[in-house]
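Presented below is the structure to which this report refers.
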Amino acid sequence: MASAQGNPTRMELTRQKKKLVTALRGHKLLKDKRDELMRQFLDLVRENMALRRRVEAGIRAANRNFVIARAGMSEESLGTALIAPKQEVYLEVTRKNVMSVEIPVFACRTRTPDKNDIYSYGFAFTSDDLDDAVKSLADILPDMLRLAEVEKSCQLMAAEIEKTRRRVNALEHVIIPQTQANIRYISMKLDENERGAQIRLMKVKNILFL
């Protein structure tokens, strides 16, 4: 408030009123942004929980099938079967703007469209359990990528929510009250100056007409 106390003029009063209007508008916009970010953040958190359960269940199933496959095959045969992957997966990363937050978008594609290319071995010398293990890992891959995407998005949105919350609080508890106090102070000083000028004018008139 020191600047207002040092310069209680009508120009300063106009400037402070414009500042208040801008601060109130910004406060509303930031609150709306914070609320929408919270809504989308909570949706992502719920999706994250569901994805994590599915991914963990899929990994447990794959591990169980690998254990069973290893029990029915020699370690050498298992290593030979998995040593040279036949299929390749390419990850593409783009970004999407959500409420000024750049969140990642993951997409994957395989070298060939043939779903059987996930098996890098012949079926004659391997067990069905190994097939099930490889298939379960391939099936869970899209959910794993989506889980990584959602978890990173949650981190970025949480940081943006906190930053927006601090800005809302600064406007609500510091800038807006301070500007309103400045306006009251300047208005009071201008009123005092105006009353003082009127009193002086009345005294001058009284002296002139004596």
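Side notes on the structure shown:
- Test: Leu30 is open to solvent by less than 60 Å² (accessible area, probe 1.4 Å), in contact (Cβ under 8 Å) with a residue 24 or more places away in the chain and touching a helix residue (DSSP H, G or I) at 6+ places or on another chain (Cβ under 9 Å): yes
- Number of positions in segment 164-197 that are open to solvent by less than 100 Å² (accessible area, probe 1.4 Å) and out of contact with any helix residue (DSSP H, G or I) (no Cβ under 7 Å at 6 or more places or on another chain): 14
- Residue list for segment 68-82, filter: surrounded by 12 or more Cβ atoms within 10 Å (Cβ to Cβ) and either of a type outside the set (S, T, N, Q) or in contact with a helix residue (DSSP H, G or I) (Cβ under 8 Å, 6 or more places away or on another chain) (or both): Ile68, Ala69, Arg70, Gly72, Met73, Leu78, Ala81, Leu82
- Selected residue [farther than 20 Å from Ser127 by Cα, open to solvent by less than 70 Å² (accessible area, probe 1.4 Å), in contact (Cβ under 8 Å) with a residue 24 or more places away in the chain and not aromatic (Phe, Trp, Tyr)] from Asn65, Asn48: Asn48
- Every condition in (1) of a type outside the set (Val, Ile, Thr); (2) open to solvent by 50 Å² or more (accessible area, probe 1.4 Å); (3) in contact with a Lys or Arg (Cβ under 8 Å, 6 or more places away or on another chain) holds for Gln87 except the one numbered (2).
- Residues that are touching a strand residue (DSSP E or B) at 6+ places or on another chain (Cβ under 7 Å) and of a type outside the set (Ser, Thr, Tyr), drawn from segment 148-194: Ala148, Glu149, Lys152, Leu156, Met157, Glu160
- So Ser77, is it assigned to a loop (DSSP other than H, G, I, E, B), out of contact with any strand residue (DSSP E or B) (no Cβ under 7 Å at 6 or more places or on another chain) and of a type outside the set (Phe, Trp, Tyr): no
- Any chance Met157 is within 30 Å of Leu20 (Cα to Cα), open to solvent by less than 30 Å² (accessible area, probe 1.4 Å) and under 33 Å from the mean Cα position of the chain (by Cα): yes
- Subset tally (residues that are at pLDDT below 90, of a type outside the set (Ser, Thr, Tyr) and touching a helix residue (DSSP H, G or I) at 6+ places or on another chain (Cβ under 8 Å)) for segment 83-105: 6
The values are calculated or read from the model by the stated rules, or taken from the named source; none is laboratory data. Everything numeric here is computed off the predicted structure, so don't read it as measured data. Reconstructed Cβ throughout: ideal geometry from the backbone, glycine too, with neighbour counts over all protein chains shown. SASA here: full protein model, heavy atoms, side chains in, ligands and nucleic acids out. Shrake-Rupley method; radii C 1.70, N 1.55, O 1.52, S 1.80 Å.
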